[in-house]
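Below you'll find the structure, written out as C-alpha cells, and then a few comments.
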Amino acid sequence: MRFMVKQAVEHLKPVLHKSPATQSRAGITLSIDNSVMDRFGKLLRCTWNWYSGRYHKVIRGQDLLGVVLTINQIALPLHLLFCPKQGRYNTNKADLLIFMLSRLKAEFIREGIDLTKLPLTMDSWFVSQPLRERLLRLGFTKIIIAGKSNYTFTIDEKKQDASQWKKALVLHDPTWGIDVPACRVQAHSPTFGSITLFFFQKSTTRSYYLMNFSQASMRGAEIWHIWKQHHLIECFWKILKSLFHIRSMQLQGDGLYTALLIKVFAYLLVIRLQAHRPFSKLTITQIMRNLSRDHDLGTLLRAHFHLPFLAT
C-alpha cells in the first residue's frame with residue numbers, strides 16, 4: 001500500500017498547490033468499488049459465494065474491494081483487498097472499507113496530505129446510514145453515493161420509492177456544468193432524514209439517481225462533476241481483467257497478494273509510459289499491444305526510465 005501511496009502523492013502534490021479552479025478541473029476524487037471474479041478452485045484463497053453485477057446472480061469467486069484515486073482522467077489504485085467470508089461472525093465490507101480508509105488517511109498524513117478533503121464516490125451497494133456516520137466521523141465531508149431503486153423518499157409531501165420518482169420527475173435539459181438531462185431535488189427519507197437527490201439520464205431509456213451524503217449542501221453541477229470520475233474505477237477493473245488477466249492468478253495464501261501487486265505494478269508502469277511522448281497518444285490497450293509486438297521490455301525501461309536494474 002505504501003508503494004501505491006507514493007505513486008499517488010507524485011500526482012497529487014503538484015495539483016494541490018494550484019488554484020481551486022485547477023484542482024476542480026483535475027477531477028480529484030476517491031472512488032470505491034468492488035469487482036467479483038468468477039473462480040472454480042476450492043483451495044484458492046478468499047473464494048466464496050458473491051453477487052456478481054456482470055452475471056446478475058450469486059456466483060463462486062473472489063471479491064476484490066478497491067480504493068482508487070482519480071486525477072486528470074487517470075485511476076491510481078491506493079488500496080486493494082480481497083474480501084473474506086461474509087456473515088454474522090465475519091468482517092463485513094463496511095468494516096473493511098473503514099479499515100482501508102483509516103490506513104490510507106494515516107499514510108497520506110505522513111506525506112503532508114489530508115485525504116479527507118477529497119470527495120468520495122461509491123456504488124449503491126455501500127448505501128447505509130451507519131456507514132455514512134462512520135465516514136463523517138473519520139473526517140470525510142463530501143460523499144456521493146449511487147442510490148437504490150427501492151428506497152422511499154418524500155418530495156413535495158408525496159411519498160413513493162425511487163423507481164417511481166425516476167418516472168415522475170421532469171429532468172431539465174443539459175446546462176452549464178451538467179452535460180446530461182438532470183434534476184436536483186430536496187427529499188426526506190425515513191432512513192437518512194433530509195437529503196439531496198440528483199436524478200439524471202445517461203441514455204434515452206435509463207435514469208439513475210445519486211444521494212448527497214455530504215455534510216454541506218452541494219449544487220447539482222458539483223455533484224455531477226464529482227460523480228463523472230467514478231467510471232474510471234470501473235475502467236481500472238476492466239483493464240486488470242482484460243489486459244493483465246487477474247482472473248488467471250491461482251496462488252494460495254499470501255502469494256495471492258504478491259501476484260496482485262505484480263499486476264498493479266505493471267498497470268502503473270504503463271500509466272508512466274503514457275506520460276512519455278512516444279506513447280502519449282496511445283491508449284493502455286494500444287501500449288500493451290505495441291510493447292508485446294515491437295519492443296523488448298529491458299531496452300524500453302533503460303530508454304525511458306534510465307533504470308538498468310529493472311531489466312534483470
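Being within 19 Å of D33 (Cβ to Cβ) and either at pLDDT below 80 or out of contact with any strand residue (DSSP E or B) (no Cβ under 6 Å at 6 or more places or on another chain) (or both): is that true of I223 here? It is false that I223 is within 19 Å of D33 (Cβ to Cβ) and either at pLDDT below 80 or out of contact with any strand residue (DSSP E or B) (no Cβ under 6 Å at 6 or more places or on another chain) (or both). Contact annotation: residue pairs with Cβ atoms under 8 Å, 6 or more positions apart or on different chains, pairing a residue in the stretch 1-14 that is in a helix (DSSP H, G or I) with a partner that is of a type outside the set (A, V, I, L, M, F, W, C) and crowded, with 18+ Cβ neighbours inside 10 Å, are R2/E107; M4/P77; M4/H79; V5/E107. Filtered by the rule that a residue be outside any loop (DSSP other than H, G, I, E, B) and under 23 Å from the mean Cα position of the chain (by Cα), the stretch 135-156 gives L135, L136, R137, L138, I143, I144, I145, A146.
Among all residues of the stretch 263-277, there is at least one that is more than 30 Å from A162 (Cα to Cα), modelled with pLDDT of 75 or more and part of a loop (DSSP other than H, G, I, E, B).
Quick check: is even one residue across the stretch 116-125 at pLDDT 90 or above, touching a Phe, Trp or Tyr at 6+ places or on another chain (Cβ under 9 Å), β-branched (V, I, T) and part of a strand (DSSP E or B)? Yes, because at least one residue in the stretch 116-125 is at pLDDT 90 or above, touching a Phe, Trp or Tyr at 6+ places or on another chain (Cβ under 9 Å), β-branched (V, I, T) and part of a strand (DSSP E or B).
Every listed requirement among (1) hydrophobic (A, V, I, L, M, F, W, C); (2) buried (at least 17 other Cβ atoms within 10 Å of the Cβ); (3) outside any helix (DSSP H, G or I) is met by V58 save one, (2).
Exactly one residue among F82, F40 is farther than 22 Å from P130 by Cα and modelled with pLDDT under 75, and that residue is F40. Here are the criteria: (1) more than 25 Å from the chain's Cα centre (by Cα); (2) in a loop (DSSP other than H, G, I, E, B). Tell me which single one K159 does not satisfy. Answer for K159: the failing condition is (2).
I155 meets all of the listed conditions (1) surrounded by 18 or more Cβ atoms within 10 Å (Cβ to Cβ); (2) farther than 30 Å from R103 by Cβ; (3) not acidic (D, E) but one, namely (1). Report whether or not R289 is basic (K, R), modelled with pLDDT of 60 or more and either under 20 Å from F3 (Cβ atoms) or assigned to a loop (DSSP other than H, G, I, E, B) (or both). Here the answer is no, as R289 does not meet what is asked.
Of the strands (runs of 3 or more DSSP E) contained entirely in the stretch 173-217, those carrying at least 1 residues that are surrounded by fewer than 17 Cβ atoms within 10 Å (Cβ to Cβ) and more than 21 Å from the chain's Cα centre (by Cα) fall at 182-189, 193-201. Residues of the stretch 18-37 that are at pLDDT 90 or above and either farther than 24 Å from K228 by Cβ or part of a loop (DSSP other than H, G, I, E, B) (or both): K18, S19, G27, I28.
The values are calculated or read from the model by the stated rules, or taken from the named source; none is laboratory data. Please read these numbers as outputs of a predicted model, since none were measured by experiment. As a convention, Cβ positions derive from the backbone with ideal geometry for all residues, glycine included, and neighbour counts pool all protein chains shown.
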